[in-house]
Structures are given as structure tokens and as C-alpha cells.
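Comments concern the structure below.
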Amino acid sequence: MTNSMSNVKMVSEIIENSYKVLKKEVISQYQVSFEVNKDDVHSILTLLKTSGWIQLSYLSAIDWPEENEFELVYIVFNWDKAVHIQIRTRLNRENPVMNSILPIFPGCKYYERETHEFFGIKFPGNPGHEKQLILEEWDDIPPLRKDFDPRAYSDRKFVKREYSNDFVNLNGEKSKQIAREERKEKIIKVRKGGRK
Amino acid sequence: MLSTKFTKLSKEEVDRKWWEIGDFFRRNSLWMLMYCTGCCAIELPPAMTSAYDMERLGMGPMATPRQADVLLVTGYLSLKTLRRLIYTYEQMSEPKYVVGIGSCTINGGIYHDSHAVINQLNRYVPVDVYVAGCMPNTEAVMNGFVDLMGLIKTKKANGWKDYHARNEWYMANQKAALGEVKVHDEFHE
Amino acid sequence: MKEMKLFLGPQHPGMHGNASVHMYVDGDIIKRAFLLPGMLHRGFEKGMERHSWINNISLIPRVCVVEPDINEMAFAMGAETLAGITVPERAHYIRMIILELARLSIHLMSYGGLGSPTGLYTLMYHAHTDRNTILNIFEKITGHRVYHQYIIPGGVRKDLPIGIEEDIHAFLDDLENRYEEYRDLGINNPTVLARITDTIPLPAEVVWELGVTGIGMRSAVNKPYDLRKVMPYARYDKIDFEVPVADYSDAKSRVDCKLQEVIQSISIIRQCLKLIPEGDVRVPLGRGQSMRWTIPKGHVYSVVESSRGEFGYFMVSNGGVNPYRVGVRGASYPQGLLGIEKYLPGTRLDDAALWVDTMGVCSPEIDR
Amino acid sequence: MITNILFGVGVAFFGFVLQTSIAGVNRKVVGRVQKRYGPKWYQEFLDIFKLLSKRSVTHGWIFDFGVIMALGGIIGTAMFMPITSDLVAFADFDNFFIFVYLIAVGMLGMAMSASGSGNPLASIGVMRALTTMLAYEVPFMIVVLTIIKLTGTSSVTGIAEFQQLASNNWFMIALPLGGIVGVMSLMGMIGKKPFETYIAPAEIASGPMVEYGGKQLGMLFIMHEITVFIEVSLFVHLFLGGAENVVLFIVKYFLVYTTLNIISSVYGRFKIDQVVLFFYKWPILMAISQAFVAIYLGWVI
């Protein structure tokens, strides 16, 4: 078994030697993350693919409305040198466009389509990514954005069941709540000396 | 001594008697549709197979909606499923019954505030029996079926009649939630 | 000849779960195929952002219905990595027992599921009955049959009940005794063999391209690429087990690998029950305020080897009470969406259900 | 004539009741193979009457007419079926070829009706059913023609009586290879696994029956039960020496059907091309060699 910490070091050297890394985090002995410029992503992923990180594990986005940015995450994995690498980059939230990585990792096809559906990020170069995949006839802003409120949407569209009373007492016993209220009334009555 | 005199029954009486005979057969041979709409369907395999053996009650899975009597709505219904569920329900031949399994069919359950899941099943299709729980035990599911048989016996499982009687109301609810009930599959390809 | 459009699902006995495969067929040969996911979409990732870290424990098992424990494990591991919690030794072993029991249960279910496309219903009945026994053991340990909510950040919810070892051993012995019978009934059955041999092969080169992991990959590339070996979590590095591999991935070798994994899982549970130390099973999260438990800022991607491959949670914390973003990498995402699109064309109509079963396409984790 | 027809309808009804009860018992037997109790023995009756009590939809007159034609054709076929050598409705018309031709009427009715439903899965199912028929008929015919050559008669009662003579064995034993072919073909005829390809719920959602519900499905079920009765009793008469009395007939019938069911319960189903290949490989070789051995060499046990 190769020493996994040295794998992380190796990855850091590969990337930091040739590209500008904005932020680097070593999360655990099997995982490291790099935040890079938007333009470097494709060449970094190509570099990683040639050096053994041939599996695209995950692709998604994070919404940061305060900074008016989307954060894109690419996670690649190498089964021989077990390190998950997160490549993260930031996009402008107003007009989020990111070139597709379809030529590098063909497996990204549906991940990108889903990210477009849930965040509204466009991926030119991925044919058909603008069609809906999971949702059907969606009529609101993309649902995983932070300013989308599912509760309001749900209240607007789906009628909640209304309960005329909170519970139904099937056994004919007094419920605890009613018993407590009666007890309180009794106490008040006693306190007041039987007067109303 | 019993009277052997033949009294002519009225047409309603005759219909009622035939209906009762039909109800006997219907409740002893409930064929359910194999449609796993949600996660509670995972408790159906134990109920169907040797552990609980649903076939003792005369129940069995059926391949297509036309052949089935019972539609099991097992758990949450996303909008996409609801569209197909309405298609399925309307394809079934009458008398047909609906069993809603899991809390999600009653009031949305754990997904009450989700943007994709409806909250109340009986606004869209009539429901005869609810089985509560997230998820209900297999015993509870089986008990739900026995309850349905009891309801058929006492002529209370009238959801399918209600769907005829209040069809506009159901249609309006479906439209309000779905926009358009028709399934467009082409958009995907 | 004119192409005809057929649907496998959502309402179809050959489909596992609620998804639809659209197939354009010419005679019996599939020309084009697509998976239409999304019928189980519940807005999970949004829902998790709206609940606290502790509340989410009750939400996460519901991501993948058939195998809930890997969700809990991935979520707990991610939260522990971010918060820097060291889990007690006993909890690690209990987690391994739970995970392997779950793996046994889903392998039995999927082996029984082989009965549906091939028409061998007796296999289905036998396998599901054994799975039910596992569910009963789970009920004794955790209190629930399917959704356990047992593995939580910081350990497991409570200790194993007294005397559960006998139950587990009795079940494992029973399963081991009937293992050969199972093979004879299913994979050695001539009619089943005729169906699954050379059915929908998955070439080794394209595994990477699709991102397929798990049994589908191991049976194609002939290397023990199992996360339990490659990057051991819990205490899998202290357990002695093998990863079954094959060099040609058709339906038969995939089912064969599954059955060999059953034997390995049995041995892992036995070793765990032998090695399990005494001690605490969880570390308390804060003092009496676990509902307001916060986790330091960070991004983490925690992965667990599920029965279908690499199952991952991508979690982002901004230091608040709720997770800022949780993304789920469903293990069957590649083989479900891309695999169906690329590998069903050219096969027969009858084989579509076999792909869904042997590759383990689990629709709830695709849709979330 | 009228009495003959009434008697024939009685035979068809007897066949329906017999086959439906035995099918119900067999569901229990298969249930035991699968480690469970199984349904009540009269569950099949409940199912059929339930289906008849339901409302149904129609997909055009061909759809409805085909079902009636199928049921009528099969009842008409069953009217000719001898139960014992004496219990025959039309004494001189129990020729083997009458069954072969008349049963096609029912099958065609069903095929017509299923195609009339307009569902592509139904047409695939019908196509598969006809292909399967083509596969199992050839070896079966060769064996039956051998039997006809040996006995010198094509009357079913005649063949049965020939086997009941003291000097002759049942053809199951007399022509062992042919007997095996007969069992295989019978499994194909009554749609038992591994030749259940045209129903195949997990592939084509129960094939021809995909659009049927309610009364039409009930009639198809009745038709199916009577078809099975015709085919199994043909086997009993041709290979197992018929029956001297009704009880013996029921016992033989039950044994044949239960054996087939138990065999079928531990097998999966073939694909359609595998079915054809299977029947055109060993059964046809066995049938031809059996015919050669029996007719030209005269080796009959």
C-alpha cells in the first residue's frame, strides 16, 4: 500500500507547479481540494486525467448569493493512488457560463445537465444540456438556488391537509392536554376560593 | 315452516344482490398493480413473498393497470409520478380501489415542504384506505389490505364512484398542481 | 422496418423502482434507449439545507431506499471529518456489522431480483425471505426494519442489544449452509445461464469514460478496486477479506461477483463479532444542545463503498446550524443514465431488465 | 344430435371445473416449493368470477369479437374431447387432427383480438406466441404421426384403447424418446417455463393480455383453462393410455399437470430465439430418431 499522504503531496506538486492555486485545503489523507481560476479548470482536469485521475466522481455547484457567485466543484478520483481531488472554481452569479468538460470526461454529460437544471448554469459544448432531466414543466427559478423557497412554492401549489382537531381520541380516554387544562382550571378555582 | 312463495324482487334489490355476490369475489381476489411509486414499496416484497405471503389473502401482483384492482400508492408522489399515476388510475377497470401507504400520501410526511412532492393524495385520486407510518411495517401494510377487504364488504370502498361523481373537482385539483396533466415524454430526448 | 417506441416502466414488472426506460425497438432489437429519471425527485438536497445537522439524520436514509445505511455512514463520516471527531473503537465495529448486513441484504435482494427478468420466481421468494430475516435482525438492533437512523455523527445511536450475536451467527450459518443451493437454483441453473451468459457486456475501456464503479467496474477491469481496500474507512484495514473480481463483465460474472461478495460479507461480520472491543459507542456532541450543533467551515466529499459502487456525499458547511449544501453522488448514476443510453442499443428487449438488475440501477438515488 | 351437443358442452364445462380446481391446487403446490402457504385451492375460481364481475373497456369490435371467437372456438374444440373411451360426445369424430385444426380457431381469435387492442406489446406477444407454436408443433407432430403409424388409427380413443390392450405398453414407455419430446412440447403448449416467453411479465408485461381487463380477461382465463384441459388430456390419451374410468382420468391428469408445474417452478424462461433453437435441436432429433427406430426398425418396448 502506498503512503496516501505522499499521494496528496504529489498531487499538490503537480498542480501548484503549473497553475495558480487560489486556495488549497488538505481535508484528510485521502482528499485534497484546490480552488483555481475559471480558465485553468479545463487544463488542470486534462493534466489530472493524463496523470491517472481518470474517473470523474462528481460535478455540482454551490450557490453563494452574498458574494454573488456560484462555486463549481469537480471531483476526480484515481483508484491506484487513492486521492479524491476537488477542483473548485467561482463563476459570476448573474450570467453563469462554464465551458463543458465533455471532451475530457464524457461521464459529465448528465451531471452538467442536472447542474443546469438545478442552478441555471450554462454549459456550452454539452449538447442538450438545457433540456429538463429530473423536473418536468418547472415554472420557477432553478430550485437549488438559495433564493428559492420550497415552502412558499409548496404552499402555493399543493394544498395542505387541514386538521379540524389535532388528534382523534379513539379509546374514549381523556387526552393529556384536556386533563392538564382541567387541572389548571381546578387549581384556579381553588385559588379563587370557589368564586367565579 | 318456511314460505316457499316466490316474491318478485324489485330491480334495485336484484342489482344489490348481484353486487353483493360480486363484492364477495372482488374482496377475495384483489390484484394489485406492481407500481412502486415511492419508498414504501420496499416493504411490499416481504409482504408478497414467503415471509408474509400475500397470496393467502388472494392478492397478487399484476403486470398492467387494465388487469389490476388495487392501485398502491407507496409513499411520496412527485409531480412527475402524479401525472403517470393519473394515467394509470384512469386505465384501470372498475371497480378499482386505491391504497395510500405511508405518511407522505396523507399529509406530505417528511417532505411536506418539498417543491416536488404533493401533500394530499386524495385531492387528486380518491383513496379508500390509508396506511400511516414512515415507513409502515409489513404487518401494517397487510393490515391495510385486510381493512380494504372489510370496506368492500361493508360497501364503503366507493372511491371510484366518487371519482365519477366529483370528477370536475378532481380534475381542477390535478390541473392546479400539475398545470397540464398530459405526459410529454419527448422533451427528454 | 419502422421503429417502435416501447416503455420499460415506470409501471412495469421488469423495472426496479420508479423510473422509465424509453426504448426504440426494431423487432426485438433495441435501437436507442434513454432513461427518464426524476419520478422519485423529492428535492432532497434542498431539504437537507433546510434542516439542522442532527435533524438530517432522519432525512438521509431515505435517499437510497434499498440500502439506507450507506447514506448514514457517508453523512456521519463527512460530518466527523469536518468537525474533527474521533469515533470510539467499538462504534467502528458496530458500523461495519451494520454496513455488511445491509450489503448482504441488498445482494440477496438483487439476486432475488434476477428472478424477475429471467422468470425464476422461486429464487425471488427464497432470497426475499432471507432478506426479511436480516430486516428482523435490524429491527432488533436499531428498532426499525428499513430506515435505521442508527449511524450518527460521533458513533452509533446505541449499543448492540444483548444476545444479538447469536441471532446474527444463526442467520449467517443458515445462509452459508444454503449458499450452494442458492447457486444451483440461480446462477448454475441452465435456463438462467442461457439468459445471463454474454448478456450486455461492459468493456473495460469504457468503464472509466462512464464513471461506473462497484461490481460493474471490478468485473470488467479485473482489479480489486473497492473503496474498502483502496481507502479503508471504519476499521476495514484490520479485517481480512478479499474483493471478488473478473475479467469479463457480462450479466453472469456480475451476478457471480455479487454472490462471492456475500461470502466475503459473512466472513467480515464474523471477524467483526470476534474483534469487537468493549467501550463507548458514541461521543456526545456538545452538552445537551445537539440540536444546535455546528460544524466548522469546509468542503468535504465523503465516500462509502455501496453495493453498486462509490457512493458519495459532498457536504459544505458555512459554520451554521444547517449544512450549507449537500450533494449526493448516487452510486448508480453513471450506469443508470449513461450506461442505458450507451449499452442497451444493440441488445434485445428481454435484456433491458437484466441490465437494470445486475448493474443495480437504484432510481431514488439518481433522482434524489 | 342435441344430446350430443349438450354432452359436448358438458365435457367442456367438466374440463373447465377440473382444470381450474387442479390449477388452484397447483398454486398451493408451487407455493410449498417457494416456502409459503399459497392461496386457497378455489382461488382460481374466485379470480375468474371476480374478473367477470368487473366493468371493462373495449378497444373496438375486433377486440371484443376476437375474445368471443377464442372462447367459442376453444369450447367447440373441447366438445370433441373424450374423457374415457366411452365418454365421448361425438363418438366418431374424436380424430387427432380435429383438435389440431379446431384449436387454431381459438388461438387465432385471441391473436386477432390482441392485435385489435393496438398495444405494441400485445403484438409482440402474439408474434412470440406464434413463433413458439411453430417451434413445439414440429417435434410433437413427428411423434404423434409415429404413434398414428404404429396404431393404424388417428382417433384419440382408438389410440388410447390400443395402449390399454394387454400386450401393449403406454407410449410414454413404448417410445421413451418420443415421450420425453411429448413432455417438452406439452410444456410449450400450456405455456410453462422455460417456454413462457410470450407471457413474460418482466419483458413485455404479460404479452397478448396486456390490454385486457374485466370481462374480456375473465373470458380469456376461461379459454386458457379449457385450452390447458384439451392439451393435457390429449397427452393423457396419446401417451399415458387414456383412462378406463373418470377417476383414473382425473388422477392421471393431476399427476401430469402437477409434474409439469413443479418442473416449471425451478426454471427461468428462455428468450424467444432460444426457444426455437431449443426445440429445433434435441427434441426434433429425438423425434426423428424415435420415428426411424419405431417405424423402420420396429423397436417398440
Could you work out how far apart the two model spin labels at residue C:263 and residue A:50 are, taking each label as a point 7 Å from the Cα in the direction of the beta carbon, and quote it in nm? 4.4 nm
Pairwise over distinct Cα atoms, reciprocal of the mean inverse distance: report the Kirkwood radius of the stretch C:200-261 in Å, one decimal place. 11.9 Å
If every Lys and Arg gets +1 and every Asp and Glu gets -1 at its Cβ, then about the Cα centre the stretch A:4-191 yields a dipole, in debye to the nearest 20, of 940 debye
Cβ-derived FRET efficiency at R0 30 Å, residue C:158 paired with residue A:29, nearest 0.05: 0.50
Straight-line reach only, C-alpha to C-alpha below 14 angstrom: list the aspartates and glutamates that residue D:215 could link to, leaving out same-chain residues fewer than 8 apart. B:69, B:94, D:47, D:64
Determine the shielding of peptide A:72-79 by partner chains: average, over its residues, the number of Cβ atoms on other chains within 10 angstrom of each Cβ. 5
Set Lys and Arg Cβ to +1 and Asp and Glu Cβ to -1, take the dipole of the stretch B:35-179 about its Cα centre, and tell me which of B:126, B:104, B:71 lies farthest positive. B:126
Name the residue from C:47, D:74, D:123 whose Cα lies farthest towards the positive end of the charge dipole of the protein assembly as shown, charges +1 on Cβ of Lys and Arg and -1 on Cβ of Asp and Glu. C:47
With 10 Å bins from 0: P(r) over the stretch D:2-297, alpha-carbon pairs, percent: 6, 27, 37, 24, 6, 0, 0
Taking the alpha-carbon centroid of each part, what is the distance from the stretch D:144-184 to the stretch A:19-55 in angstrom? 79 Å
For a Förster distance of 56 Å, can you work out the FRET efficiency between the beta-carbons of residue D:101 and residue C:242, rounded to the nearest 0.05? 0.35
Under the rule of at least 5 residues apart or a separate chain, name every residue whose amide H is placed under 5 Å from the amide H of residue D:154. none
Going by Cα centres, the stretch C:329-368 and the stretch C:1-69 are how many Å apart? 10 Å
Please report, to one decimal in angstroms, the Kirkwood hydrodynamic radius of the protein assembly as shown built from all distinct Cα-Cα pairs. 31.5 Å
From the Cα centre of the stretch A:91-159 to that of the stretch B:109-142, the distance in Å is 29 Å
Could you name the lysines whose alpha carbon sits less than 20 Å from that of residue B:153, not counting residues in the same chain fewer than 8 places away? B:17, B:96, B:161, D:40, D:50, D:54
How tilted is helix C:251-275 with respect to the longest principal axis of chain C? Cα atoms for both, answer in degrees (0 to 90, nearest 10). 20 degrees
Likely footprinting exposure, C:223, D:192, fewest C-beta neighbours within 10 Å first: C:223, D:192
Using amide H atoms built 1.01 Å from N in the peptide plane, name the residues 5+ places from residue B:35, or on other chains, whose amide H lies under 5 Å from its own. B:72
With +1 on each Lys and Arg Cβ and -1 on each Asp and Glu Cβ, and nothing else charged, work out how big the dipole of the stretch C:199-287 is about its Cα centre, in Debye to the nearest 20. 400 debye
Step by step: find N for the stretch B:95-189, compute 2.2 N^0.38 Å, then divide the Cα radius of gyration by it. What's the final number? 1.23
If you build a Gaussian network model of chain A, linking Cα atoms that sit under 10 Å apart, which residue out of A:156, A:88, A:145 swings the most? A:156
Whole-number D in µm² s⁻¹ for the stretch C:4-367, Kirkwood Cα-pair radius fed into Stokes-Einstein, 25 °C, 0.890 mPa s: 117 µm²/s
Sorted from largest down, give the three principal axis spans of the alpha carbons of the stretch D:22-63, whole angstrom values. 43, 16, 16
Got a sec to turn the phi values of the stretch D:90-100 into Karplus ³J(HN,Hα) couplings, 6.51 cos²θ - 1.76 cosθ + 1.60 with θ = phi - 60°, whole Hz, x for Gly and Pro? 10, 4, 9, 10, 8, 6, 4, 5, 4, 5, 4
Residue D:299 paired with residue A:159, simple spin-label distance in nm, labels 7 Å along Cα-to-beta-carbon: 8.2 nm
Which whole number in µm²/s is D for the stretch D:196-300 by Stokes-Einstein, with the Kirkwood Rh taken over Cα pairs at 25 °C and 0.890 mPa s? 145 µm²/s
Karplus-derived HN-Hα couplings along the stretch C:315-331 (A = 6.51, B = -1.76, C = 1.60, θ = phi - 60°), whole Hz, x at Gly and Pro: 10, 10, 10, 10, x, x, 6, 9, x, 7, 7, 10, x, 10, 9, x, 5
Among D:13, C:273, C:91 the positive-end extreme of the charge dipole of the protein assembly as shown (Cβ point charges): C:91
For chain B, the dipole about the Cα centre with charges only on Cβ (Lys and Arg +1, Asp and Glu -1), to the nearest 20 debye, works out at 720 debye
If r is the Cβ-Cβ distance from residue B:171 to residue C:291 and R0 is 45 Å, what FRET efficiency results, to the nearest 0.05? 0.55
Give the span of chain A's Cα atoms along each principal axis, as three whole-Å numbers ordered largest to smallest. 88, 44, 34
Work out from phi, with θ = phi - 60° and the Karplus expression 6.51 cos²θ - 1.76 cosθ + 1.60, the ³J(HN,Hα) of each residue of the stretch C:54-68, listed in order in whole Hz, and give x for Gly and Pro. 6, 4, 5, 4, 7, 8, 5, x, 7, 5, 10, 6, 6, 9, x
Average partner chain C-beta neighbours within 10 Å, per residue of C:347-358? 3
Using the Kirkwood radius built from alpha carbon pairs, what does the Stokes-Einstein equation give as D for the stretch B:35-179 at 4 °C and 1.567 mPa s, in µm² per second? 84 µm²/s
I'd like the antiparallel share, as a percent to the nearest 5, of DSSP beta bridges with both residues in the protein assembly as shown. 75 percent
Among the lysines, which fall within straight-line cross-link reach of residue A:174, defined as a Cα-Cα distance under 19 Å, with same-chain neighbours fewer than 8 residues apart omitted? A:184, A:186
By per-residue mean of other Cβ atoms within 10 Å, what is the highest-first order of D:280-292, C:324-336, C:242-254? C:324-336, C:242-254, D:280-292
Take the Cα of residue D:153, step 7 Å along the line toward its Cβ, and report every residue of the stretch D:207-239 whose backbone nitrogen sits under 20 Å from that point. D:233-239
Between residue A:20 and residue D:131, what is the label-point separation in nm under the 7 Å Cα-to-beta-carbon projection? 6.4 nm
Taking only the C-alpha atoms, wrap a convex hull around the stretch A:41-92 and report its volume per residue in Å³ as a whole number. 62 Å³
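Bear in mind these aren't lab numbers, they're just calculated from the coordinates by the rules spelled out. The structure displayed is predicted, hence computed values, not measured ones. Note: ideal-geometry Cβ built from the backbone for every residue, glycine included; neighbour counts use all protein chains shown.
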